[in-house]
């Protein structure tokens with residue numbers, strides 16, 4: 001059976017439509033939807049992505065480095081940059097910390113393990129506040145090792161955004177349904193400050209360089225010049241505003257489109273008094289928007305793949321919370337036709353090293369064959385297994401070819417994501433089990449471990465189908 005995606009890239013894509021000149025291109029991290037950006041004191045920018053991990057760029061977005069992506073199931077909602085190389089990440093659910101500038105990460109065992117953390121605020125002195133969806137605010141005074149509830153009198157628990165004055169004594173919380181709350185003791189107790197705030201669906205609060213307080217609520221932008229005591233609707237064009245970026249000469253507010261509202265990016269050059277649209281929703285999508293609207297594939301740059309007589313296709317599955325790789329699927333093809341499939345299966349974690357060595361034994365029989373995979377998960381898995389079992393994989397790593405990197409920023413499908421299954425469905429691939437997915441495979445593995453039911457041999461089919469698609 002042909003390996004659909006690589007063959008498709010090499011034979012069908014040259015017939016696609018070239019990207020028109022002047023259209024905005026995607027240069028951001030290829031891991032997933034970007035949900036939050038943060039900048040450190042040296043100017044490096046970090047990106048939190050949905051199901052894609054954490055990325056960093058040191059050259060204004062030209063190249064993004066994958067900092068954390070142990071599993072594609074991770075949903076990173078927010079980031080906060082501390083001092084001394086410390087970075088915090090809020091997950092849905094959970095909380096991560098790095099103390100070495102993103103080189104390694106810890107998923108800390110604290111109260112946030114089961115919380116959706118969407119905002120993190122670092123106060124002067126190092127105290128952390130974490131805003132969560134449906135669970136209020138939490139406080140940590142030990143660098144995130146432990147958290148305690150800090151929502152006395154906070155009558156709405158959907159805390160989307162946190163902000164503080166430079167001293168850290170006064171803290172503001174934007175809540176979805178309760179408007180804005182204020183704390184004058186560093187987040188210990190709260191009181192609502194909504195006079196003039198005519199919409200209570202607050203999703204963001206922040207402080208401008210001149211000290212004015214801004215809030216995005218409902219379809220409006222509000223400003224307060226008296227520390228939140230009173231608010232003024234700035235009469236910005238109706239839109240679902242998400243946040244405001246403050247610069248020395250202008251304020252920028254991105255917004256999503258709604259049924260009755262517009263979207264794009266809006267700007268104010270007079271301190272928020274007036275706003276105008278500078279980027280429309282149709283433009284922000286760039287090549288992707290054009291592909292979806294015309295239902296055609298657009299190409300900015302052809303992938304650099306070349307066919308080999310023998311090619312290997314790899315897919316790895318794990319149980320994330322056990323750090324256990326239980327299945328390595330390897331498909332071997334010759335002249336594009338499958339000649340064999342190897343499912344290296346570990347019944348228990350004690351079998352993991354045996355499956356790893358069996359995989360290496362087969363791979364080493366084809367030293368010239370490229371090893372195709374989709375996304376960064378296989379690369380990271382191989383690195384972890386090599387470290388765990390003291391294996392030199394320098395040569396093996398040079399053979400790895402990430403098909404996702406060949407697509408992202410080069411090929412624009414008329415799809416809302418570059419997930420393997422969506423592209424597979426688009427190009428006509430089929431799965432043995434239509435409901436198969438990365439999350440479903442974990443469910444099946446847990447059920448198999450409990451019952452040893454042969455029906456959950458479906459796991460092997462999932463891996464084989466994913467490898468076949470690549």
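What does the highest-first list of 213-223, 80-90 look like by mean Cβ count within 10 Å?
Order by mean packing, descending: 213-223, 80-90.
Just to verify a number: FRET efficiency for residue 210 and residue 169, C-beta to C-beta distance, R0 = 25 Å, to 0.05?
FRET efficiency, residue 210 to residue 169: 0.85.
Subtract the Cα-Cα distance of residue 307 and residue 248 from 0.36 nm times their separation in residues, and report this length gain in nm to one decimal.
Gain on stretching residue 307 to residue 248: 16.0 nm.
Largest first and to the nearest Å, give the Cα extent of the stretch 23-292 along each principal axis.
49, 45, 32
What area, in nm² and to one decimal, does the C-alpha convex hull of the stretch 353-418 cast on average over all directions?
5.4
Points 7 angstrom from Cα along the Cβ direction at residue 368 and residue 233: gap in nanometres?
Output for this residue pair reads 7.2 nm.
Note down the nm distance, to one decimal, between modelled labels 7 Å out along Cα→Cβ at residue 383 and at residue 294.
It works out to 3.8 nm between the two label points.
Run the paramagnetic zone check for residue 357: 7 angstrom along Cα to Cβ, then residues of the stretch 379-404 with backbone nitrogen under 14 Å.
Counting only backbone N, you get 389-392.
Stretch residue 148-residue 65 to full length: gain in nm at 0.36 nm per residue minus the Cα-Cα span?
Going from the current span to full extension adds 26.5 nm.
Give the Kirkwood hydrodynamic radius (Å, one decimal) of the stretch 118-160, defined as one over the mean of 1/r across all pairs of different Cα atoms.
10.4
Among 35-41, 327-333, 110-116, how do they line up by average Cβ neighbours within 10 Å per residue, starting with the highest?
Details: 35-41: 15.6, 327-333: 23.9, 110-116: 17.7.
Result, highest mean first: 327-333, 110-116, 35-41.
Bear in mind that the values in this text are calculations on the coordinates, not laboratory data. What you see is a predicted model; the values in this text were computed from it and never measured. Please note: Cβ atoms are built from the backbone with ideal geometry, for glycine as well, and neighbour counts cover all protein chains shown.
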